[in-house]
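This report concerns only the one structure given below.
What follows draws every value from the coordinates through simple rules; no lab data is involved. Not measured: the values here are computed from a predicted model. Note that we place each Cβ from the backbone using ideal geometry, even for glycine, and neighbour counts take in every protein chain shown.
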Amino acid sequence: MRPGRVIAIVPAHNEEGAIGGVVDEIRALDPSFDVVVIDDGSSDGTASLASAHGAAVVILPFNLGIGGAVQTGFKYALERGYEVAVRLDGDGQHDPAELATLLAPILSGEADIVTGSRFALDDGAYRPPLGRRIGITWFARLVSLLTHQRVTDTTSGFQALNRRGIALFADDYPNDYPEVEATVLVFKHRLRLVEVPVRMREREHGESSITFVRSVYYMLKVTLALFVAMARRYAVPEEEAAHR
Amino acid sequence: MTPVKISIAASVASLLLLLIVFELIRGRRLKERYALLWIVTGLVLLVLSAWRGGLNTIAGWMGVSTYPPAILFAVATLFVIIVLLYYSTVLSRLADQNTVLAQRVALLEQRLTEVDDGVGERALLGEAGAELRGEPG
């Protein structure tokens, strides 16, 4: 597959401290990449900063949550006819330097969706706090079991997608901790998912606000959502493909 | 046997419910499709309240011999649960539609900004062009 137009989708909620740098880094890496920042109801200067740094900015009228924001980006990519999309978080934890690694399986045509995994290497470079590590391991095991495929990092939002992946997510994308559920979605629609090892950076600004109690709550909620996702009725993929 | 007083009180309450629902529909504060379940609820409760023999029979089926009006509570609770469940589905649909609308609005707004910028640029270029083309002195 020849590399088509590439769009970088950056969801951001109150990230005025980091967003400018993220946009600059992506553009510095490859000036041919277009960047769209989805401002998820920020109350700070995220939108104007992103715009000033040369990104297209889609401003949601209110906060939709990460899933709704990311999906807006996929809809944008689909509408504008981009062949390939990459998704990076607006807080700067996803290093644009890893984009080449992420894009390789898409460009060679062996995957529809590529996820950057912090754990595929298992060199211990990334050590999240205990509560989160339990959650991450739990979902990795569960999702691997459900999808019959070894998945090591189900909560990573660092992804690259081809046209089929973009179309799927533009049409249907879950909302809370969407990456976990989306993995099941990808499996159900028989798209090819590949994980590549990447390094992620520490959050540039602020600590993740997820406490232990909340992690447990989210684990329960997302686990339930996973089983619902497995049991849900889906349109036959072939039929869908014919519609598009 | 169901006490007559309870029968009357329950009938009045059911009638009141029906009356309020009708008033809300008349005032267009309640859409018919959402009112239908309430009307059915009111009618079923009214019938069971007024028709004491029927209530006793049903209570008999259920093995409730001591206090037939308990069946009234049970039926009322069942209908309230059905109405709530139905409203949860309505709410879920509205939430989904709300998300889609917000995304649509945001994407359109972005496109509009682009078009506006484009028009602005063309206007500027046009002016500059006219200046360049403008008759000398």
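A few remarks follow.
- Among the trypsin sites (Lys or Arg not before Pro) within the range B:1-76, those in coil by DSSP and having at most 13 neighbouring Cβ atoms inside 10 Å are B:Arg28, B:Arg29, B:Lys31.
- Charge tally around B:Ala106: other residues with Cβ under 11 Å, Lys/Arg +1 each, Asp/Glu -1 each, net 0.
- Furthest towards positive pole of dipole, B:Thr2, B:Ser88, B:Val100, structure part chain B, Cβ charges: B:Thr2
- Overall size of the range A:1-100 from C-alpha positions, given as principal axis extents largest first: 40, 25, 21 Å.
- For the range A:126-193, the Kirkwood hydrodynamic radius from C-alpha pairs, put into Stokes-Einstein at 37 °C and a viscosity of 0.692 mPa s, yields a diffusion coefficient of 260 µm² per second.
- When DSSP beta bridges are restricted to pairs lying wholly in the protein assembly as shown, around 25% turn out antiparallel.
- Rg followed by Dmax, in Å, when the protein assembly as shown is reduced to its Cα trace: 28.5, 110
- The magnitude of the dipole of the range B:4-133, with charges of +1 and -1 set on the Cβ of Lys/Arg and Asp/Glu and taken from the Cα centre, is near 1020 debye.
- Each of B:Gly53, A:Ser108, A:Ile59 was scored by the projection of its Cα onto the charge dipole of the protein assembly as shown, and the greatest displacement toward the positive side belongs to B:Gly53; charges sit on the C-beta of Lys, Arg, Asp and Glu.
- Placed amide H near A:Ala8: partners under 5 Å, 5+ positions off or other chain: A:Asp34, A:Val35, A:Val36, A:Val86
- At least 24 Å along the helix axis (C-alpha) and Kyte average at least 0.0, DSSP helices within chain A: A:130-147, A:212-231
- Dipole magnitude for the protein assembly as shown: computed about the Cα centre from +1 point charges on Lys and Arg Cβ and -1 point charges on Asp and Glu Cβ, it is near 2340 debye.
- Of B:Ala102, B:Ala13, B:Ala59, the one that fluctuates the most in a GNM where chain B has Cα springs shorter than 10 Å: B:Ala102
- Between A:Phe62 and B:Val115, the simple label model (points 7 Å from Cα in the Cβ direction) yields a spacing of 2.6 nm.
- Equivalent ellipsoid semi-axes - Cα gyration tensor, the range A:49-147, angstrom: 27, 19, 16
- Shielding value for A:72-79 is 3, the average number of Cβ atoms from other chains within 10 Å of each residue's Cβ.
- Solvent-free Debye calculation, one equal scatterer per alpha-carbon of chain B: log10 I(q)/I(0) at 0.12, 0.15 Å⁻¹ equals -0.68, -0.86.
- From phi via Karplus (6.51, -1.76, 1.60), per-residue ³J(HN,Hα) for the range B:77-82 in Hz, x at Gly/Pro: 4, 4, 5, 4, 4, 4
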